[in-house]
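Have a look at the structure below, then the notes.
The values are calculated or read from the model by the stated rules, or taken from the named source; none is laboratory data. Keep in mind it's a predicted model, so treat the numbers as computed, not measured. All Cβ positions, glycine included, derive from the backbone under ideal geometry; neighbour counts span all protein chains shown.
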Amino acid sequence: MDRRAFLASGAALAVAPRISFSQKRIKKLRLASARQSLVGAAHPATEVWTYNGTAPGPLLRFRQGERLRIEVENILPVETTVHWHGLRLPNAMDGVPHLTQPPIAARGGRFAYEFDLPDAGTYWYHPHLGSPEQVGRGLYGALIVEEHQPPAVDRDLVWVLSDWRLDREARIVPDFVSRMDASHAGRIGNTVTVNGAIPDTFEIRAGECIRLRLINASNARIYGLTFEGHTPWLIAFDGQPVEPRPLDGKPVVVGPAQRADLILDCRGEPGTSHRVVDGFYRQRAYELLKIRYTDASPLPKAFSPPPRLQPNPVAQPDLARAERSRIAFGGGMMGTMPSQREHQGLFWTVNGKPAAEHAHHEALLNLKLGRSYVLELVNDTAWHHPIHLHGHVFKVISRGGKEAREWGDTVLLDPRSRAEIAFVADNPGDWMLHCHVLEHQATGMMAVVRVA
Ligand code: C2O
Ligand code: CU
């Protein structure tokens with residue numbers, strides 16, 4: 001059953017009821033299962049795994065420079081950890097089981113996370129243990145670190161994009177890390193939700209200026225969103241400021257784990273509707289939701305291009321003196337898969353070797369604290385891979401043969417393409433480098449980078 005089938009029979013739901021920017025400071029995340037209506041009242045509610053009772057979990061909001069302190073309590077029947085995606089934090093707080101901390105035990109385990117937040121931007125949190133299943137069942141949430149001087153907007157909104165694989169009774173299909181998914185594009189679901197429900201319309205008032213923070217929390221799905229009748233401006237990617245630029249009809253492409261901050265100048269006529277279309281997979285484009293203008297008279301305001309956000313205090317890599325390494329990603333269907341006799345259930349390789357999830361493995365790279373590095377990431381496969389490095393923010397200096405200049409923590413490698421990333425190895429510890437298609441990560445596509 002696809003999303004359309006649900007939509008045809010489902011009741012309309014407005015976007016974003018579950019996420020609000022309440023100022024209440026969250027001090028605790030409690031993992032437990034809950035029932036949530038993902039697909040509307042015409043279908044049964046779905047049993048999902050949650051932080052504090054909802055998927056996505058609560059929106060955590062801090063100011064730049066503040067300290068995060070959160071106690072995690074795990075009621076679920078599986079062990080877990082929390083990884084704070086994109087944040088530059090001490091290694092012991094990174095949430096990688098067996099590498100940076102012991103797992104948080106099932107049925108009552110606890111762990112306290114505490115660290116400073118040096119960088120403003122849009123981030124998120126999710127488990128780093130059994131993540132294909134744990135994220136696939138709903139464990140993720142947004143983490144916003146506000147700039148000292150945020151751009152002036154009428155509303156600051158988050159869309160957590162995720163997809164689910166549901167059966168006819170709207171139950172999650174428990175086929176996690178199947179050979180078919182893991183050796184191809186990953187577990188792409190049949191139901192896309194925004195903030196934990198199938199969206200129908202997104203209401204705005206003419207003249208509004210909206211900051212829209214897109215977070216791709218899906219296991220494997222890539223989004224390419226176009227906002228018909230609108231020209232969104234991209235102001236940040238993966239939490240890091242970019243030179244503001246209008247998207248001029250081009251889709252905003254957000255791979256798994258990536259984030260995009262947009263400024264949406266709402267110039268439509270009162271009473272009109274406009275589609276937001278996800279056309280990343282061309283033959284399978286669909287309408288994500290409709291923007292609907294209320295009948296209220298337009299706010300009397302002129303739009304001016306958003307100013308560039310203040311950069312985060314990330315060290316500039318010294319490209320002239322950087323040490324270079326080449327990392328090749330291989331395997332997958334139509335590629336050179338590891339021998340199934342020796343590496344049963346592992347389909348992907350990093351520099352020729354597959355790594356089992358959380359196997360204790362040697363560091364792939366040993367980096368010297370304080371030095372600049374350029375990593376050439378080579379995708380020798382027929383599939384997309386969003387490659388994520390923990391504990392650092394890097395500069396993408398080229399992608400698919402084109403020069404780039406963006407900062408990020410996750411770079412999307414197109415099939416049979418390459419990218420170069422540069423960064424200063426200024427955060428000591430053992431850091432994961434892995435594909436954020438979670439089924440690829442779990443079946444070999446990960447490695448450890450040691451900074452010492
Ligand atoms: Cu968002 Cu290692 O992950
Ligand atoms: Cu991958």
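For the range 329-338, indicate whether the set of residues that are more than 16 Å from ligand 1 (Cβ to nearest atom), over 30 Å from Arg179 (Cβ atoms) and more than 22 Å from the chain's Cα centre (by Cα) is non-empty. Checked the range 329-338: no residue is more than 16 Å from ligand 1 (Cβ to nearest atom), over 30 Å from Arg179 (Cβ atoms) and more than 22 Å from the chain's Cα centre (by Cα). The residue list Val350, Val374, Val378 contains one member that is within 16 Å of ligand 1 (Cβ to nearest atom) and modelled with pLDDT of 95 or more, which is Val350. Hey, among Leu433, Leu377, which residue is assigned to a strand (DSSP E or B), within 16 Å of ligand 2 (Cβ to nearest atom), under 14 Å from Val350 (Cα atoms) and under 18 Å from the mean Cα position of the chain (by Cα)? Only one candidate qualifies: Leu433. No other residue among Ala356, Ala363 is small (Gly, Ala, Ser), surrounded by fewer than 22 Cβ atoms within 10 Å (Cβ to Cβ), within 16 Å of ligand 2 (Cβ to nearest atom) and farther than 19 Å from Asp238 by Cα apart from Ala356. Here is the figure for the range 277-308: residues that are buried (at least 20 other Cβ atoms within 10 Å of the Cβ) and either hydrophobic (A, V, I, L, M, F, W, C) or over 19 Å from Arg155 (Cβ atoms) (or both) total 4. Of everything listed in (1) within 16 Å of ligand 1 (Cβ to nearest atom); (2) surrounded by fewer than 19 Cβ atoms within 10 Å (Cβ to Cβ), the single unmet condition for Pro256 is (2). Within the range 123-136, the set of residues being surrounded by fewer than 23 Cβ atoms within 10 Å (Cβ to Cβ) and more than 13 Å from ligand 1 (Cβ to nearest atom) comprises just one member, Glu133.
Yes/no per residue for (1) assigned to a loop (DSSP other than H, G, I, E, B); (2) surrounded by fewer than 24 Cβ atoms within 10 Å (Cβ to Cβ); (3) touching a residue at least 60 places away in the same chain (Cβ under 8 Å); (4) within 17 Å of the chain's Cα centre (by Cα):
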position	(1), (2), (3), (4)
Arg61	no, yes, yes, yes
Ile70	no, yes, no, no
Glu73	no, yes, no, no
Pro77	yes, yes, no, no
Arg88	yes, yes, yes, yes
Gly95	yes, no, no, yes
Leu99	yes, yes, yes, no
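Among the strands (runs of 3 or more DSSP E) confined to the range 216-321, the ones with at least 1 residues that are out of contact with any strand residue (DSSP E or B) (no Cβ under 6 Å at 6 or more places or on another chain), acidic (Asp, Glu) and within 29 Å of Leu375 (Cα to Cα) are located at 240-246. Here His85 fulfils each of the conditions (1) away from ligand 1 (no atom under 16 Å from the Cβ); (2) within 17 Å of Ala142 (Cα to Cα); (3) not hydrophobic (A, V, I, L, M, F, W, C) apart from (1).
Applying the criterion of being in contact with a Leu (Cβ under 7 Å, 6 or more places away or on another chain) and outside any loop (DSSP other than H, G, I, E, B) to the residues of the range 115-138, the residue that is farthest from ligand 2 (Cβ to nearest atom) is Phe115.
If I filter the range 405-420 for residues that are touching a Pro at 6+ places or on another chain (Cβ under 6 Å) and under 27 Å from Arg137 (Cβ atoms), do I get at least one hit? Break it down stepwise before answering.
Keep residues of the range 405-420 that are touching a Pro at 6+ places or on another chain (Cβ under 6 Å), which gives 410, 412.
In the following step, the residues that additionally are under 27 Å from Arg137 (Cβ atoms) were identified as 410, 412.
Yes.
Surrounded by fewer than 24 Cβ atoms within 10 Å (Cβ to Cβ) and within 30 Å of Leu299 (Cβ to Cβ), is that true of Val173? For Val173, the condition - surrounded by fewer than 24 Cβ atoms within 10 Å (Cβ to Cβ) and within 30 Å of Leu299 (Cβ to Cβ) - is not met.
All conditions in (1) assigned to a loop (DSSP other than H, G, I, E, B); (2) surrounded by fewer than 18 Cβ atoms within 10 Å (Cβ to Cβ) hold for His343, with the sole exception of (2).
Mind telling me which of the residues Thr100, Thr122 ends up being farther than 30 Å from Arg308 by Cα and hydroxyl-bearing (Ser, Thr, Tyr)? Write out each step before concluding.
Values: Thr122 fails: farther than 30 Å from Arg308 by Cα.
So the residue among Thr100, Thr122 that is farther than 30 Å from Arg308 by Cα and hydroxyl-bearing (Ser, Thr, Tyr) is Thr100.
Here Ala112 meets each of (1) in a loop (DSSP other than H, G, I, E, B); (2) more than 16 Å from ligand 1 (Cβ to nearest atom); (3) among the hydrophobic types (A, V, I, L, M, F, W, C) with one exception, condition (1).
Hey, can you tell me all the residues within the range 397-415 that are crowded, with 23+ Cβ neighbours inside 10 Å and without any contact (Cβ under 8 Å) to a residue 60 or more places away in the chain? Scanning the range 397-415 gives a single hit, Val411.
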